[in-house]
Structure formats: C-alpha cells, structure tokens
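Right, one structure below, let's go through it.
Rule-based calculations on the coordinates, nothing more; no lab input. Worth saying up front: this structure is predicted, and the values here are computed from it rather than measured. So basically every Cβ, Gly included, is an ideal-geometry build from the backbone, and we count neighbours across all protein chains shown.
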Amino acid sequence: MLVVDDENRNLSIRKQQLEAKNLEVVVAESESAAMHQIEASPEMDAVLTDINLADEPGDTSGVKLARKIQARFGDIPLFAYSATVEEQELREEARGLFMRSIPKGIKFDEELRDLAETIRDASLQRRQRRRVRSDEQLADLVVRYPLEAIDAAETVRRLLPHARDAADIEASLKAAGYHLELIHSSIFQPSANPVLVWVKELDEEIEAEVYGQPSLYAHGESGDDVVAKLIELMRLFAEDIRHDDGEYAGPALHLREFIERTILVAHGNN
Amino acid sequence: MQLTTREAERIFNKLEVEAIRSTHHVRGFVTYNGVRLFPVHYSNGRKDMPGHVPKRFAKSLNLALDEFAELKRCTMSREKYFGIQAERGVISLEAVEVSGEQRP
C-alpha cells in the first residue's frame, strides 16, 4: 500500500506502524510522487493519505489527490487521516471518497488495528474483483486472439488498447493451458506500455512467450525464473536495437517496432 | 528433436549470426546483406535444451523442422538457407544469386 504525507517524520511513523501490522508499505511525500508511485505499480492495494499535504491551515489537498487517484485508477481503496481537519468537515469535503478516515481529535494509534484490518479486507476484495474481471477478459482474449492465428504486429497493436485494463489480469488461461501474465513495463521504463506474456506449464519446465512475438520466449524451472529470463531477453534486444541504426526487415522489423512501441518509450510513448 | 547449446552455436556460426552473450542468453539477428531478418537466441547451459526449444528455434529461423534438422546436420549451407528464404519471399532471389554485395 501507499502512504502519502508531506512530513517525513509522519511518513516514517506511519510506515513503521503499518508494517508492524504486516502491511507492505511504500511512501510518497507529495501528490506528484504519489501519482508516480501508483503509475509504476497500478496493482497497488490501497492508499492512505494525509488530508493536509500543503502545510497550510485548512488545506485539503489530500482529498483532491484521492479524487485524482479514483478518476485515474478506479477502485483502489482510499483511506485518510488528518490532525487538522474535523470529522464533519472531512465528511462534507470527501463525501464517501474514503473507505475510512481518521479526523482531527482521534488518535491514529488507537485506530491503527481496525484501520489495518479494514485495509487488508479492502485489498483482498479488490484482488478478488480483479481476478473475476481478469477471467472475463482472458476468456474474451482467447476467443478473439487464438494463439495459432497470430499476426504478431497486428495482434500486439490490438491488444495494447487493453493494456490499462490488462493491468488487472492475473488469472490463468486454463482452458488453453496457458495463463497470461503482464510484465509492467516500469521494469523497463516508467509509464511504458505493459507487455503481455503467455506462460504455459509443460512436462518438466515452464515456458513463456510474449504475446504475438514468437521469437521472444524463454524456458525455466519456475514461473519467476522464466519470466525473469524473458525480461532479460527483451531488455537485451531493446538495448541492441536502441544502439543500432541498421536496417531491419520481416520478423526482425516486427520485433524492433514492438520493442520501440512497447519498451523504448523514449522514442515516443503511444 | 534435441538441440545442444553447441549445435545452436554452430548454427549461429554457419549463418554468420553475430552472437552477443549475456548471463542466460546468446542472441543475435540472422542478417542478409546488412539487413537484419530474424531475431534468434538460445540459452546458455551445458545440457540439451528442452524439447520445445528446437521447434521454437526452427521457427525463429523461418524453417520447418525437417529443414532445421538439415541445417543442424550440416547438410544445409548458408547459401541453401538463404535460397529457402528467397523461395519464401523473405529476400529476393536475384540478390541470392549475385554476390553478397547487393541488397536484397
């Protein structure tokens, strides 16, 4: 989960408190840093923000941040606390935006246990919703894009518009023996498009390939291992292409176009 | 069909693929007259590669499995390989028949 507070000391304390409740915490000191963190990890389970992020009396920029997160990333559970904003004011200002908030006059420490449980429950529910949505999306993808009938560049181009939704994809393509994994391209470069990878368990090993790019494949003993190898391969090809002004044709050209569009966003993020 | 890293290396050499090595992979492009045509790679390791790899390796070279077996057995030369690619329209036949200085 992400904790946002403009005061370093508060951030450290909140982080410690929540980690003591077995929550994994990353922190941000500003609105822009928070948005960047979520962009880099759209699967973020929850956001807890201070309401007063501007160090000015009466400021409620935490509410604005929460609205922005909600508008951009949908159903991330949002939580808030404030040492300056009264309960009534916060209720009016936020209007149901936060699943739970701790206003002025209530000690954070005393609410911590309940808050941590609520965050955990909300995260689990969100994951469950994502899983159900993923099943539906994947079933749709299997019908529309059978693996045998891939036109590599075209398929990838058509799949990319799904990328934001595809960030939720976790479930397996059991019927086809595959499951679709998403490599968040923040591994390569922040805000790049995600990469969809088919992964299939074979007799003795795991195999993975980038959807629509048959030359990008890897084998390994575990899912993590195989995806790590695939990422390394893509990163290396990306480096080759980045440092190369040579001519490309056929599958090599498709690979180059795919990598430039998907990974090397320095050339223009579409 | 099995494929060892040694055999994959020989194929890279035969096709004059400029191999770049890294921790897990050896990679490169099949290049004809300066134009990169096929991205290819194999994994480092001493053992035979898994049974599915030869099929994928063959596919990445735009060869059927029986053609790939020929390439592996050394009965297919680099010229014959590019002759097959020319027949498939990947490069022009004219460019194969003349010296390697012309672009396909």
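Below, the figures for the structure above:
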read-out	value
Burial ordering of B:MET76, B:MET1, fewest other beta-carbon atoms within 10 Å first	B:MET1, B:MET76
Gyration tensor over alpha-carbon atoms, the range A:94-133, equivalent ellipsoid semi-axes in Å	25, 13, 4
10 Å Cβ neighbours from other chains, averaged over peptide B:85-91	1
For B:HIS25, distant residues with modelled amide H under 5 Å away	B:ASN44
Across A:LYS229/B:LYS72; A:LYS64/A:LYS229; B:LYS14/B:LYS55, pairs whose alpha-carbon gap is larger than 29 Å	A:LYS64/A:LYS229
Hz values of 3J(HN,Hα) by residue in the range B:10-23 - Karplus curve (6.51, -1.76, 1.60), Gly and Pro given as x	5, 5, 4, 5, 4, 8, 6, 7, 6, 7, 10, 9, 9, 4
Filtered trypsin sites (Lys or Arg not before Pro), the range A:52-85: DSSP coil and at most 11 other beta carbons within 10 Å	none
Theoretical FRET efficiency, 1/(1+(r/R0)^6), r = Cβ-Cβ of A:GLU7 and B:HIS52, R0 56 Å, to 0.05	0.55
